[in-house]
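Colleague: Quick one: the structure is below, and I'll ask about it shortly.
The values are calculated or read from the model by the stated rules, or taken from the named source; none is laboratory data. Keep in mind the model is a prediction, meaning the values are calculated, not measured. Positions of Cβ are backbone-derived with ideal geometry, glycine not excepted, and every protein chain shown enters the neighbour counts.
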Amino acid sequence: MNKQQEYENTQFFVQQLQANQDEAVIKIAVKKLGEMSCDNLEAIEALINLIQTTQDEPTRWIGIESLSKIGAKNNDVIHVLIGQICNGRIPTRRIASQNLAKIIIDNLEARKFLVAKVKIAEDRFTCQYLAYTLARVEEVNEDVVNALIELIYKSSDNYTLKNCVDGLIKSKYYYQDKILNAIIKVVMVAQDYNTYYYTRCSLRQYLEKIGISVAVNFSSVRICELMLQNKSF
């Protein structure tokens, strides 16, 4: 597709979003805009407007997916996705976090925005999806480590804790002293095997990384003792 064809197609599908009340037609237009070239500003602007104004949740989900395809390097797109993670309905938060996770892998600005949101996150679901997204960062630097630790202290939710531990598993050796108290907190919270099974699975991987081999049904008190004894890991 040459530039002229892309321009004409973008104009057509944007007009479909603005002039059509049929959700089926709108969904098709949204998908087509997601096939435009990366950083097509007109398509990005139209999709952002749709996401922020539509009353139809499935249409919003398709808009999020299309937007993440063509706006991975656009800060406005990152802000919109983070906004949906923090303020959207639960299925929308999940879809926004899954799509942002694809962008954030090697995007320093996206990480900075997410870390800033962690500082003001309060509700359970915001913590869950911020943790999910941060856990998928490729390079877990000090800012990401601090954000994951902060989420551990903000939430006792199984999903949040599991993702925080998953992220911390990828951290460098020289962050381990900083992480120790947070991991001990997770170990003590995750005492119930059934409630915290997935968190315990992640903890097991982390503990193996620092040289402590355990079963998933480990004793929380015993693990804390072993971690403190091996603080020099």
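Colleague: When residues of region 32-51 are filtered for being under 18 Å from I95 (Cα atoms) and part of a loop (DSSP other than H, G, I, E, B), how many remain?
Modeller: Counting residues in region 32-51 that are under 18 Å from I95 (Cα atoms) and part of a loop (DSSP other than H, G, I, E, B) gives 1.
Colleague: Among the residues of region 124-158, write down those that are in contact with an Asp or Glu (Cβ under 6 Å, 6 or more places away or on another chain) and of a type in the set (G, A, S).
Modeller: Correct list: A135 only.
Colleague: Looking at region 186-203, which of the residues that are over 19 Å from K170 (Cβ atoms) and out of contact with any helix residue (DSSP H, G or I) (no Cβ under 6 Å at 6 or more places or on another chain) is surrounded by the most Cβ atoms within 10 Å (Cβ to Cβ)?
Modeller: My answer is V189.
Colleague: Which numbered condition in (1) crowded, with 21+ Cβ neighbours inside 10 Å; (2) at pLDDT below 95; (3) within 30 Å of N194 (Cα to Cα); (4) within 10 Å of the chain's Cα centre (by Cα) is the only one that A101 fails?
Modeller: It is condition (1) that A101 fails.
Colleague: Continuing with the same structure: Which residue out of Y175, Y153 is among the hydroxyl-bearing types (S, T, Y), surrounded by fewer than 20 Cβ atoms within 10 Å (Cβ to Cβ), touching a Leu at 6+ places or on another chain (Cβ under 9 Å) and touching a residue at least 24 places away in the same chain (Cβ under 8 Å)?
Modeller: Testing whether each residue is among the hydroxyl-bearing types (S, T, Y), surrounded by fewer than 20 Cβ atoms within 10 Å (Cβ to Cβ), touching a Leu at 6+ places or on another chain (Cβ under 9 Å) and touching a residue at least 24 places away in the same chain (Cβ under 8 Å) leaves just Y175.
Colleague: Conditions first: (1) of a type in the set (D, E); (2) under 21 Å from L81 (Cα atoms); (3) surrounded by 15 or more Cβ atoms within 10 Å (Cβ to Cβ). E122 passes all but one, so which condition is the exception?
Modeller: The single condition E122 does not satisfy is (3).
Colleague: Related question: Of all residues in region 204-214, which are surrounded by 13 or more Cβ atoms within 10 Å (Cβ to Cβ) and either within 12 Å of L161 (Cα to Cα) or of a type in the set (D, E) (or both)?
Modeller: Hits for region 204-214: nothing passes.
Colleague: Residues being among the charged types (D, E, K, R), in a helix (DSSP H, G or I) and within 21 Å of the chain's Cα centre (by Cα): count how many of those fall in region 153-206.
Modeller: Residues in region 153-206 being among the charged types (D, E, K, R), in a helix (DSSP H, G or I) and within 21 Å of the chain's Cα centre (by Cα): 4 in total.
Colleague: For the structure I just gave you, tell me whether L50 is without any contact (Cβ under 8 Å) to a residue 60 or more places away in the chain, over 23 Å from I120 (Cα atoms) and in contact with a Gly (Cβ under 8 Å, 6 or more places away or on another chain).
Modeller: Yes, satisfied.
Colleague: Would you call A116 farther than 17 Å from V165 by Cα and of a type in the set (A, V, I, L, M, F, W, C)?
Modeller: Spelling it out, A116 is indeed farther than 17 Å from V165 by Cα and of a type in the set (A, V, I, L, M, F, W, C).
Listed here are the residues, each with its yes/no results for (1) within 24 Å of T133 (Cβ to Cβ); (2) hydrophobic (A, V, I, L, M, F, W, C); (3) exposed (fewer than 14 other Cβ atoms within 10 Å of the Cβ).
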site: Q5; (1), (2), (3): no, no, yes
site: I26; (1), (2), (3): no, yes, no
site: V30; (1), (2), (3): yes, yes, no
site: G34; (1), (2), (3): yes, no, no
site: G63; (1), (2), (3): yes, no, no
site: D76; (1), (2), (3): yes, no, yes
site: A110; (1), (2), (3): yes, yes, no
